[in-house]
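Below is one structure; the comments refer to it alone.
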Amino acid sequence: MNRPERIDHIGIAVHSIDQVLPFYKDHLQLPLLGIEEVPSQGVKVAFLAIGQSKIELLEPLSKDSPIAKFIAKRGEGVHHVALGVTDIKSRIADIIKNGIEMIHETPVEGAGGAKVAFLHPKSTNGVLYEFCEKM
């Protein structure tokens, strides 16, 4: 089984990137790496560097996006932990073979052109994990 190599990023759900960005840039002094929209996931994201990892701010693009639903149910805050992998397809196959439920059984496009797949929190003690393979 090929295990995750690192924590790629921690995703944080927010109502507005513009409103929260000053905290991360000015107070935590984290450099902004970029902002982009990911229509396939229904979000606008901002990445900030912290060591070898990143913080990903997730703003919903519409009221029916998964992030909007998350915020409505749980409020702003930590949404997921992304684990960096090199062969996402084999990692998904391994985890399914071991009885872990996936939200995405095949990778989908994420921010920055990465391939991503989420593990269902029912199988991970309530934590939403994402496998993330950078191109």
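The values are calculated or read from the model by the stated rules, or taken from the named source; none is laboratory data. Source: prediction; values computed, not measured. Cβ placement follows ideal geometry from the backbone for every residue including glycine, while neighbour counts extend to all protein chains displayed.
Brief remarks follow.
- Some residue of segment 98-111 being farther than 23 Å from residue 44 by Cα and either in contact with a Cys (Cβ under 7 Å, 6 or more places away or on another chain) or among the hydrophobic types (A, V, I, L, M, F, W, C) (or both): yes
- Scanning segment 125-135 for residues that are part of a loop (DSSP other than H, G, I, E, B) and closer than 22 Å to residue 58 by Cα yields 126, 127, 128, 134, 135.
- Residues that are loosely packed, with under 14 Cβ neighbours inside 10 Å and either in a helix (DSSP H, G or I) or modelled with pLDDT under 95 (or both) within segment 113-124 comprise 113, 122, listed in sequence order.
- Qualifying strands (runs of 3 or more DSSP E) (wholly inside segment 1-112; at least 3 residues being in contact with a Lys or Arg (Cβ under 9 Å, 6 or more places away or on another chain) and either in contact (Cβ under 8 Å) with a residue 24 or more places away in the chain or over 15 Å from residue 128 (Cβ atoms) (or both)): 6-13, 32-38, 53-60, 77-84
- Yes/no for residue 89 being of a type outside the set (Val, Ile, Thr) and in contact with a Ser or Thr (Cβ under 9 Å, 6 or more places away or on another chain): yes
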